[in-house]
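The values are calculated or read from the model by the stated rules, or taken from the named source; none is laboratory data. For clarity, every value in this text was computed on a predicted model and none was experimentally measured. With ideal geometry, Cβ positions are generated from the backbone for all residues, glycine too; neighbour counts draw on all protein chains shown.
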Amino acid sequence: MKKILSSLIGTTLLSASPAVADSLYYEELFEMSPAELAQIQVTSVSKRVENAFEAPAAVTVITAEEIQNTGYQNITELLRLVPGMQVAQIDSSRSAVSARGFARDFANKMLVLMDGRTIYNPLISGVFWDEHNIILDDIERIEVIRGPGATMWGANAVNGVINIITKQPQDVLGGYASVGMGNKNRIVTEARYGIDLDDDDYLSVYGKFYQKDTSIDLNGDEKYDESQNAMLGFKYEGVIMTDLEWSTQAHYQKGKQQQDYDNTPSGMAPFTTEINNENDLESFHSLSKFKYFIGNESIADLQVYYDFNKRDMRPALIGYDIHTVDFDLQHNYNAIDDHEIIWGVGFRHIYTDLRDSNLIRYKNDTDSRKLFNAFVQDRIELLDNELYLTLGAKVERNDMDGVEFQPSARLSWLVDDKQTLWAAYSRANRTPTINEEIVTQVFSAVGPGLYVGLHGNDSYHSEDMTAYEIGYRINPNNDLSVDLSGFYNHYKGLRTLESGANDPFYPDVIASFYTDNDAQADIYGFEIATKYSPYDNWRLGLNYSFIKIDIDVFTNSLASVVQVEEKGTPQNMLSLTSNLNLGYGLKLNNYFYYVDELELYNVDKYFRFDTTLRWLPNENFSIDITGQNLFDPEHQEFNGGTYHNPAEVERSVFGKITYRF
């Protein structure tokens with residue numbers, strides 16, 4: 001039990017057997033009160049281990065136990081549990097995910113990390129979520145920061161940071177195998193085996209295959225968007241010497257994704273056409289970490305990774321190969337009284353091979369970009385064990401926009417052991433993408449072989465945001481926890497379209513628009529998250545968020561781009577969760593969501609109800625039956641995108657059998 005408690009309150013699950021761990025989660029979960037669960041430790045706020053209850057940021061942790069309860073089969077569905085997080089399913093494989101506004105199919109202001117490795121795509125300025133459908137049982141926790149995290153994590157951590165932290169090999173010893181089938185997730189099969197090589201060395205290997213069915217459009221017709229993916233990987237951790245630990249991992253995947261492009265421009269009447277395209281995707285990454293204990297008050301961490309990402313969406317869109325090499329060094333130094341200092345430096349090189357099509361065109365076949373950064377942060381204890389001021393800043397030098405400065409100041413007042421009050425000021429930047437600088441996109445046709453085009457702009461610069469936040473947490477008793485946060489964000493240099501002269505390089509584009517930075521915005525709102533246990537075997541959760549977005553576009557700019565941000569975000573969102581231990585190895589988990597209308601897309605407000613019944617007859621075996629979207633046969637959650645018709649989210653059922661050995 002001590003190890004299970006350390007996993008729920010601390011950072012890792014140190015268990016001799018995953019089967020035993022799962023059994024203990026089931027039997028003893030509700031001995032952990034909401035107040036105790038609120039004390040779980042996090043590392044994403046300031047790159048140091050700290051208590052979430054005391055952290056000066058709006059942070060939410062999705063634990064391994066919560067992941068198992070939901071019965072969900074991908075990360076985006078799990079993020080619905082986070083207050084203020086907008087998650088909308090676009091079609092069978094695509095989702096829009098963002099916090100505090102600016103949701104798009106590729107949300108360009110949310111930084112997403114996996115074990116400290118960024119999975120933010122520098123070409124499209126967002127995340128292809130279908131490329132990261134990992135084994136969910138491998139996830140130790142998901143830390144979500146709503147609000148800027150740029151001082152620690154750098155550019156693009158504007159509206160938030162999602163840090164997916166997976167389990168170490170020593171946490172998954174023994175075997176794990178699972179197979180599931182459903183009407184939308186046709187098949188999901190996965191396996192893993194963890195080995196104790198000796199006292200200090202551990203190895204785990206894993207594999208997964210899944211296949212998703214098609215979605216339907218607003219007319220009820222089947223779309224061309226089936227997908228499948230297979231992946232293999234391993235993780236290793238060990239001790240090189242007494243004061244030096246290291247870990248390494250590698251992951252390879254290959255898949256296919258059908259995609260229908262319904263509104264693509266055509267050079268012949270009626271000037272639009274439909275294309276059914278099969279996208280190929282392939283990726284590989286290797287990640288190594290070294291931790292050196294210099295002394296009791298000093299630790300140095302080095303992280304090195306290589307990432308390869310390949311996707312071919314031709315003939316409809318583009319194909320590309322992206323190679324990323326990244327080095328990050330961090331030093332925690334706490335030898336000075338009342339100061340906890342963290343500093344670090346980093347370097348990233350991104351090299352891209354580009355393959356265009358008739359609709360997406362590049363003047364260059366390749367692109368190379370480098371980024372250098374340095375940061376420092378000092379956590380100062382102003383009053384003993386009560387008042388803390390955290391000051392920090394990151395300086396980045398990139399090839400797109402020169403030098404960026406991203407400071408922050410965070411104040412945390414531990415009123416007593418049941419209350420925390422915090423406030424923060426910070427700045428963050430979103431750097432231009434390759435597409436925003438050098439791409440030409442054909443988005444409509446006006447005659448035989450004649451098009452309207454959107455061009456990149458090499459003068460396009462970073463979008464800037466200044467954020468003011470305040471928060472209050474209280475655990476009045478062991479059975480109740482309440483977390484409140486409010487924010488006001490001011491944005492400058494938001495992306496717009498400007499009319500301009502035609503580019504002679506593309507004579508068939510007779511009307512041209514260029515990306516520019518001619519809009520600004522003010523966004524404010526608040527979020528409430530509560531947990532309550534009326535009985536020892538029953539836990540309830542309530543999340544609510546409100547947001548208001550006001551965007552100003554300068555006179556000569558087109559509003560079509562930023563309208564997506566202003567009217568593509570629900571003003572009100574509500575979620576209710578219920579986790580009930582029925583006894584006899586049965587657990588019933590219910591999830592209810594309300595999402596406001598999206599005015600821009602003519603998407604009505606909707607209610608969504610998901611439920612999972614888990615049966616654990618013994619410590620080695622479990623059966624899960626999950627129903628999603630049970631209130632409606634289908635409903636729309638988001639827009640289809642530039643070349644896509646919208647899709648409906650259908651009712652689905654999924655069953656899974658898991659065996660641990």
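Checking each residue of the range 548-560 against the condition of being at pLDDT below 95, part of a helix (DSSP H, G or I) and over 22 Å from the mean Cα position of the chain (by Cα) gives at least one match. Taking the range 600-661 as the region of interest, none of the strands (runs of 3 or more DSSP E) fully inside it holds 3 or more residues being of a type in the set (D, E) and surrounded by fewer than 17 Cβ atoms within 10 Å (Cβ to Cβ). All of (1) under 20 Å from I67 (Cα atoms); (2) modelled with pLDDT of 95 or more hold for I528 with one exception: (1).
Restricting the first member to the range 171-182 and to residues that are closer than 9 Å to Y193 by Cβ, and the second to residues that are of a type in the set (S, T, N, Q) and surrounded by 20 or more Cβ atoms within 10 Å (Cβ to Cβ), the beta-carbon pairs closer than 6 Å and six or more apart or on different chains are V172/S204.
Conditions (1) farther than 23 Å from T577 by Cα; (2) more than 21 Å from the chain's Cα centre (by Cα); (3) at pLDDT 65 or above, marked per residue:
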| residue | (1), (2), (3) |
| --- | --- |
| S7 | no, yes, no |
| L13 | yes, yes, no |
| A19 | yes, yes, no |
| L29 | no, yes, no |
| L37 | no, yes, yes |
| N51 | yes, yes, yes |
| I67 | no, no, yes |
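Being at positive phi and modelled with pLDDT of 90 or more is the filter here; which residues of the range 590-644 pass it? Residue satisfying the conditions is N629 alone. Checking each residue in the range 208-229 for being more than 15 Å from R186 (Cβ to Cβ), of a type outside the set (A, V, I, L, M) and either surrounded by 17 or more Cβ atoms within 10 Å (Cβ to Cβ) or touching a Ser or Thr at 6+ places or on another chain (Cβ under 8 Å) (or both) picks out D217, K223, Y224.
Assess whether N364 counts as being of a type in the set (S, T, N, Q), out of contact with any Lys or Arg (no Cβ under 8 Å at 6 or more places or on another chain) and touching a residue at least 12 places away in the same chain (Cβ under 8 Å). When the stated conditions are applied, N364 passes them.
On inspection, F327 fails the criterion of being modelled with pLDDT of 85 or more and either crowded, with 16+ Cβ neighbours inside 10 Å or on the phi > 0 side of the Ramachandran plot (or both). For the residues Y210, Y224, the requirement of being in a loop (DSSP other than H, G, I, E, B), over 30 Å from K492 (Cβ atoms) and touching a strand residue (DSSP E or B) at 6+ places or on another chain (Cβ under 8 Å) singles out Y224. Of the residues making up the range 156-174, those that are among the small types (G, A, S) and within 15 Å of the chain's Cα centre (by Cα) are A157, G160. Conditions: (1) surrounded by fewer than 17 Cβ atoms within 10 Å (Cβ to Cβ); (2) among the acidic types (D, E); (3) at pLDDT below 95; (4) under 29 Å from E404 (Cβ atoms). D338 meets all but one. Number of the miss? Against the list (1) surrounded by fewer than 17 Cβ atoms within 10 Å (Cβ to Cβ); (2) among the acidic types (D, E); (3) at pLDDT below 95; (4) under 29 Å from E404 (Cβ atoms), D338 comes up short only on (4).
Every condition in (1) more than 30 Å from W413 (Cβ to Cβ); (2) out of contact with any Asp or Glu (no Cβ under 6 Å at 6 or more places or on another chain); (3) not hydrophobic (A, V, I, L, M, F, W, C) is met by Q520 except one, and the failing one is (2).
Is it true that some residue in the range 162-174 is closer than 30 Å to E634 by Cα and not in a strand (DSSP E or B)? No - not one qualifying residue is present in the range 162-174.
Among residues of the range 458-512 being of a type in the set (K, R) and surrounded by 15 or more Cβ atoms within 10 Å (Cβ to Cβ), the one that is farthest from N51 (Cα to Cα) is R495. For the range 48-60, a tally of residues being surrounded by fewer than 21 Cβ atoms within 10 Å (Cβ to Cβ) and either touching a helix residue (DSSP H, G or I) at 6+ places or on another chain (Cβ under 6 Å) or within 15 Å of G541 (Cα to Cα) (or both) returns 0. If you go through the range 244-264 and keep only what is over 25 Å from the mean Cα position of the chain (by Cα) and over 18 Å from N639 (Cβ atoms), you end up with L244, E245, W246. Against the criterion of being assigned to a strand (DSSP E or B), over 25 Å from R146 (Cβ atoms), of a type outside the set (D, E) and in contact with a helix residue (DSSP H, G or I) (Cβ under 8 Å, 6 or more places away or on another chain), T440 does not qualify.
Looking across the range 567-599 at every residue that is of a type in the set (S, T, Y) and within 15 Å of L542 (Cα to Cα), the one that is surrounded by the most Cβ atoms within 10 Å (Cβ to Cβ) is identified as Y591. Restricting attention to the range 463-490, the residues that are over 21 Å from the mean Cα position of the chain (by Cα) and within 21 Å of R397 (Cα to Cα) total 1.
Yes/no per residue for (1) out of contact with any Lys or Arg (no Cβ under 7 Å at 6 or more places or on another chain); (2) surrounded by 22 or more Cβ atoms within 10 Å (Cβ to Cβ):
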| residue | (1), (2) |
| --- | --- |
| R410 | yes, yes |
| W413 | yes, no |
| D417 | yes, no |
| T420 | no, yes |
| A423 | yes, no |
| R427 | yes, no |
| F443 | yes, no |
| V446 | yes, no |
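Here is the figure for the range 234-260: residues that are surrounded by 15 or more Cβ atoms within 10 Å (Cβ to Cβ) and either among the polar types (S, T, N, Q) or on the phi > 0 side of the Ramachandran plot (or both) total 7. Against the definition (crowded, with 19+ Cβ neighbours inside 10 Å, modelled with pLDDT of 90 or more, within 18 Å of A428 (Cβ to Cβ) and touching a Lys or Arg at 6+ places or on another chain (Cβ under 9 Å)), how does N517 come out, yes or no? Taking the combined requirement at face value, the residue does not satisfy it. Among the residues of the range 285-308, what is the count of those that are under 17 Å from L123 (Cα atoms) and buried (at least 16 other Cβ atoms within 10 Å of the Cβ)? The total comes to 1. Here T214 meets each of (1) closer than 18 Å to D115 by Cα; (2) touching an Asp or Glu at 6+ places or on another chain (Cβ under 8 Å) with one exception, condition (1). Checked against the criterion of being among the hydroxyl-bearing types (S, T, Y) and more than 19 Å from G71 (Cβ to Cβ), the candidates Y606, Y591 yield just one match: Y606. Within the range 181-198, the set of residues being under 24 Å from the mean Cα position of the chain (by Cα) and closer than 26 Å to M85 by Cβ comprises K184, N185, V188, E190.
Residues in the range 356-372 that are over 27 Å from the mean Cα position of the chain (by Cα) and charged (D, E, K, R) were compared, and the one that is surrounded by the most Cβ atoms within 10 Å (Cβ to Cβ) is R361. Residue-level check: of (1) more than 22 Å from the chain's Cα centre (by Cα); (2) closer than 18 Å to F128 by Cβ; (3) hydroxyl-bearing (S, T, Y), T214 misses just (2).
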